[in-house]
Amino acid sequence: QPWSNGNIGMWGCSATGGSQMQAATTAPPHLKAIFPMSFEFDVYDFRVPGGIAAARGGVRPRKPGDPTPQEIRDALAAPVDADTDSVLLKKAIAEHAGTIESEGDLPFRDSYSEFLTDEDSKQWWIKSSPSTYMDQINASGIAMYMAVNWDEGATKPGPFFAINNFKVPAKLLIGPGVHCDWNTSMKLTGFDVTVEERRFFDYWLKGIDNGIMDEDPVYYYTYNAPEGSEWRSAKKWPLPEEKRVEFYLGEGSLSTTVPTGTNQKDQTIVSYDVRPDDATAGRLIYETAPLNEDIQVTGHPTINLWVSSTATDGDFIATIRDVAPDGTTSSYNVYGQLRASMRKLAEPPYNYLGLPWHSFMEADVMQLVPGEPAELVFQILPISMIFKAGHKIQLVISFSGRGTPRLNPPPEVTIYRDATHKSYLTLPIIE
């Protein structure tokens, strides 16, 4: 086009955020900048969070030889108006040959697809992970402005790991709201993400020196912050000033007091009712006393749980909530989960921010021995929020979710919390 200077930018959220990462792996010479939002960095961790297959929903059963989801979509596609003989449509469909469908539940990180015949694609979650192509992306020099929302789920961690592993010019924006929801930012604070996008592309595509790359690379929203100070900036993530504080589980309590007793534990029968209702049975709840002062939690919480079960496996889900003085609770999708048999820790293949990383390999499966304590260590999705004075920090431990096998009878689970088996929540606190 006569108006183009040949510099190209890409923008998109979720699937189209991931598509930008795929484009960056090939380093197109005209692609100068991308604005990927809410994308996955490691596709296995996105598809099988906590090693819980089907945690993100079931997959339509398909037999070998059945049409793939891509083929079904192609069959429903219609030509554009100018394509009267469908030549362009047929050409577009032909380009889909050999594409990798992200289908099927993956029991292990080293599993192989049952449906794909291309040997190089049988581990499509590895082939489609941006983390696999860090060298190529870093060599591309393509500038990135990554964005994500606090109140989303499995796509939330991706941009945090990306900005700590990619060496290209990069920025990170974290806003309120759910997956790909930037209207909430506008409603709450008047922040317009499209203005930020325009500034970024003006700089990298048009060469307008508007100062955007001189600003702090991290710009994030904090829930419950005083009006006018919800948005903060930082030179790096996690924040260097974070202080990691351990809150130990007690008898329905959370406190910084280290347990000294013996044989202290809580037991419950697993409930498969997964509704987010305070009346739901089968959960264990621990909370602090009303806070004497505001506490800001900004970063990546982790949890250490000593557990046992009458079964040989189980799912453990930890959720952090804010409890107001009137008893109402609020949360911003601050949860983590782990299947007990997948608890083996290993060295991560990239900068994992010092968080616990699990191998999720088939050879590393460790079944529970019924009645014998085992320690689970896992991360909880990141957040930035202020727990106000008079409120309580609440930890909810539940034992079933989407993807949890329904056993009959349901097992009894135990959480240990004594001097020998210290269970605790670690919060990144900003003072």
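The values are calculated or read from the model by the stated rules, or taken from the named source; none is laboratory data. What you see is a predicted model, and the numbers here were worked out from it, not measured in a lab. Quick reminder, even Gly has a Cβ in these numbers, built from the backbone with ideal geometry, and neighbours come from all protein chains shown.
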Filtered residue count, segment 310-350, keeping only those that are surrounded by fewer than 17 Cβ atoms within 10 Å (Cβ to Cβ) and either aromatic (F, W, Y) or closer than 17 Å to Y44 by Cβ (or both): 6
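Specify the residue that is surrounded by the most Cβ atoms within 10 Å (Cβ to Cβ); the eligible residues are those in segment 393-431 that are among the hydroxyl-bearing types (S, T, Y) and within 21 Å of the chain's Cα centre (by Cα). Break it down into steps so the answer makes sense when it comes.
As a first pass, look at segment 393-431 and keep what is among the hydroxyl-bearing types (S, T, Y): 398, 400, 404, 414, 416, 420, 423-424, 426.
Keeping just the survivors that are within 21 Å of the chain's Cα centre (by Cα) gives 398, 400, 404, 426.
Numbers: S398: 24, S400: 21, T404: 21, T426: 18.
Top of the filtered list is S398.
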Every residue from segment 185-236 that is without any contact (Cβ under 8 Å) to a residue 12 or more places away in the chain and within 25 Å of I430 (Cβ to Cβ): G190, D214, P226, E227, G228, S229
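Scan D364, D315, D326 and give me the residue that is free of Cβ contacts under 8 Å to residues at least 60 places away in the same chain and within 30 Å of S111 (Cα to Cα). Break it down into steps so the answer makes sense when it comes.
Details: D315 fails: free of Cβ contacts under 8 Å to residues at least 60 places away in the same chain; D326 fails: within 30 Å of S111 (Cα to Cα).
Result of the check over D364, D315, D326: D364.
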Residues of segment 332-360 that turn out to be over 24 Å from S384 (Cα atoms) and either outside the structural domain of K392 (by TED's automatic domain parsing) or not in a loop (DSSP other than H, G, I, E, B) (or both), as a count: 6
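Every residue in segment 19-48 that is under 22 Å from P176 (Cβ atoms) and of a type outside the set (S, T, N, Q), please. Reasoning before the result, please.
First pass over segment 19-48, keeping only residues under 22 Å from P176 (Cβ atoms): 35-41, 46.
Once the filter is applied, which keeps residues that are under 22 Å from P176 (Cβ atoms) and of a type outside the set (S, T, N, Q), segment 19-48 yields F35, P36, M37, F39, E40, F41, F46.
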